[in-house]
2 protein chains.
Amino acid sequence: MSKCEQCIVREFSSLKALTKEELLKLSDCKTSHIIKKGEVIFEEGENVNGIFCIKDGICKLTKLSANGKDHIVKLVTKGELLGQRSMISDEPVNLSAVALEDMHVCFIPKADVMGYFDKNNQFSMNVMKTICGDLKEADDHMVNLAQKTVKERLAETLLYLHDTFGKNEDESLKVQLSRDELASIIGTATESCIRLLSDFKKSGLIELTGKKIVLKDSNALKKLAD
Amino acid sequence: MSKCEQCIVREFSSLKALTKEELLKLSDCKTSHIIKKGEVIFEEGENVNGIFCIKDGICKLTKLSANGKDHIVKLVTKGELLGQRSMISDEPVNLSAVALEDMHVCFIPKADVMGYFDKNNQFSMNVMKTICGDLKEADDHMVNLAQKTVKERLAETLLYLHDTFGKNEDESLKVQLSRDELASIIGTATESCIRLLSDFKKSGLIELTGKKIVLKDSNALKKLAD
DNA sequence: ATTAAAACATGACATTTATCATATTAAAGA
DNA sequence: TCTTTAATATGATAAATGTCATGTTTTAAT
């Protein structure tokens, strides 16, 4: 079992507040898991009873809408925690988590997390601040969905993916999403998404090579995104 | 100065966790305010440095979008607290709060709230659960905005207003919103909102008398809302 | 390597929604 | 009360977006 006190990603999550002793204890109660691309970490409605710490990889958090289509609420990557909201609310998770690439995650049982939560004030404060950040982000997202056009949302999302997850050596976006997934982030039909990507390509804003997307003119995209 | 320990709405907020002594101390540090309909409680970007406890009335939380239109993110009513997220994040508020009717609110300075927050575990847990609830609600809202039609969202919103804020003796919805405000909850143009309301009226789903809205066929509305 | 399935792409068209113009009504001030 | 302004309403039209059909390309499985 790998040791939490030596784990680099710990530094990027709320867990950074834990003491040496707490980290040692954490190493014993956590379980380590390899998740393959496309596999489900947990599903909407499930009782997770703990949180996941992402050591490596990216996953999407989705919610099934009334019309049967999945909507991608958020992308989460290494260093972040999953399932905090549901743990605190003491409710089933309201979102599903699915790996977008191979992942390495650690599961920490609820009882243990709640122990640190009660005893380590800085830790609970960190968790709370993260959730508050998520809420603010959700508010922003909501307003965008309500007020911006699909084109604006696509431009904004491409920039977001670039700025948040970076690019490969060939300049293409690191997160590789299917057109369908991209559409379900911006909240539109897959065909509309594909069409707009083609338009962006024709206008020289982006370059498309299979699933790979390269941003050629970020400034123009920024203007489009408003 | 009225006494917090005798305030009924306290029972409905996170403050219910406070002890008798804490409530006595609270009475001394809080300030009481009457806010007239249409007045601003705080504005996006402001440093509020405390939280508001709503003793009476309803207000809207809005966010200005890039195109200059306000979007109503949430309605908040008596018994609820305002400004928790910003207090915990230690950031300016990301939403504006405007009274939809005459209100009575109490302001509690940040330093005092944080005092209870640190010492009273149940209180901080309550606040956290509220924020988690808001986040879950925001996720739901997001998916609705992304996937449902304007008609579905209008039907859903009318039902929400009915179920959450109730009705007057004449059966009309208690919260009286302008067409413009209703439109900025569901995320559409004012004209579209007005048109759909007229349609609903013609179909016998609702009754319109000036600003007053009466739900005549909730079941049909539920079907429409999906 | 071949085949089947899934993802991507694009045209044609229908539907939804926004915008602009213009009445009408209601509310607020002088 | 009168007058002015804001809110509501509706038509006409344009623009945005969704849906269906169909073909192509890519991916995955045998």
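About its Cα centre, the range A:148-225 has a charge dipole of approximately 200 debye under the convention of +1 per Lys or Arg Cβ and -1 per Asp or Glu Cβ, with nothing else charged. Among A:ALA146, B:LEU61, A:ILE72, whose Cα projects farthest towards the positive end of the dipole of the protein assembly as shown, with charges put on the beta-carbon of Lys, Arg (+1) and Asp, Glu (-1)? Positive-most Cα among the choices belongs to A:ALA146.
At an R0 of 41 angstrom, the distance between the Cβ atoms of B:MET114 and A:SER2 translates into a FRET efficiency of 0.65. Largest first, the extents of the alpha carbon coordinates of the range B:148-225 on the three principal axes equal 31, 24, 23 Å.
Since only A:SER218, B:HIS33, B:ASN49 are under comparison, the one whose Cα sits farthest along the positive direction of the charge dipole of the protein assembly as shown, derived from C-beta charges on Lys, Arg, Asp and Glu, is A:SER218. Each Lys and Arg contributes +1 and each Asp and Glu -1, all at the Cβ; summed about the Cα centre of the range B:4-145, the dipole is approximately 200 debye.
Remark: relative contact order (chain A) = 19 percent; criterion is Cα-Cα distance under 8 angstrom and separation of 6 or more residues. Debye-formula intensities of the range B:84-182, expressed as log10 I(q)/I(0) at q = 0.12, 0.15, 0.20 Å⁻¹, are -0.62, -0.91, -1.22 (one equal scatterer per alpha-carbon, no solvent).
Between this copy and the others, label points of B:ALA111 are 4.3 nm apart in ascending order, each placed 7 angstrom from Cα in the Cβ direction. When chain A is treated as a Gaussian network with alpha carbon springs shorter than 10 Å, the biggest mean-square fluctuation among A:VAL214, A:VAL143, A:VAL127 belongs to A:VAL143.
State which stretch of chain A is the longest one without any exposed GluC sites (Glu not before Pro), exposure meaning a DSSP loop state and at most 14 other Cβ atoms within 10 Å.
On the way: sites that count: A:GLU39, A:GLU169, A:GLU171.
Counting only loop sites that pass the neighbour cut-off, the longest clear stretch is A:40-168.
Remark: spin-label model distance A:LYS129-B:ASN219 equals 5.3 nm, labels positioned 7 Å along the Cα→Cβ axis. Ranking B:ILE131, B:PHE200, B:ASN121 by how far each Cα lies toward the positive end of the dipole of the range B:78-226 (charges on Cβ) leaves B:PHE200 at the top.
For the protein assembly as shown, the Kirkwood hydrodynamic radius from C-alpha pairs, put into Stokes-Einstein at 37 °C and a viscosity of 0.692 mPa s, yields a diffusion coefficient of 138 µm² per second. Taking a straight line from the alpha carbon of B:LYS216, these aspartates and glutamates sit under 13 Å away, with near neighbours fewer than eight places off in the same chain left out: B:ASP170, B:GLU171, B:GLU207. Taking chain A as a Gaussian network of alpha-carbon nodes connected by springs under 10 Å, the highest mean-square fluctuation of the residues A:ASP102, A:ASP112, A:ASP163 belongs to A:ASP163. Normalised size of the range B:4-145, defined as Cα radius of gyration per 2.2 N^0.38 Å with N residues, equals 1.03. Based on DSSP H segments of at least four residues, each scored -39500 (n - 2.57), the protein assembly as shown has a per-residue ellipticity at 222 nm of -13500 deg cm²/dmol. The other copies place their B:ARG195 label points at 1.9 nm from this one, listed shortest first, where each point is 7 Å from Cα along Cα→Cβ.
Net charge dipole, the range A:7-83: roughly 240 debye, given to the nearest 20, about the Cα centre with Cβ charges of +1 for Lys and Arg and -1 for Asp and Glu. Dividing the convex hull volume of the alpha carbon atoms of the range B:1-72 by its residue count gives 112 Å³ per residue.
Each value in this text was obtained by applying a stated rule to the coordinates, not by laboratory testing. This structure is a prediction, so every number in the text was calculated from the model and none was measured. Quick reminder, even Gly has a Cβ in these numbers, built from the backbone with ideal geometry, and neighbours come from all protein chains shown.
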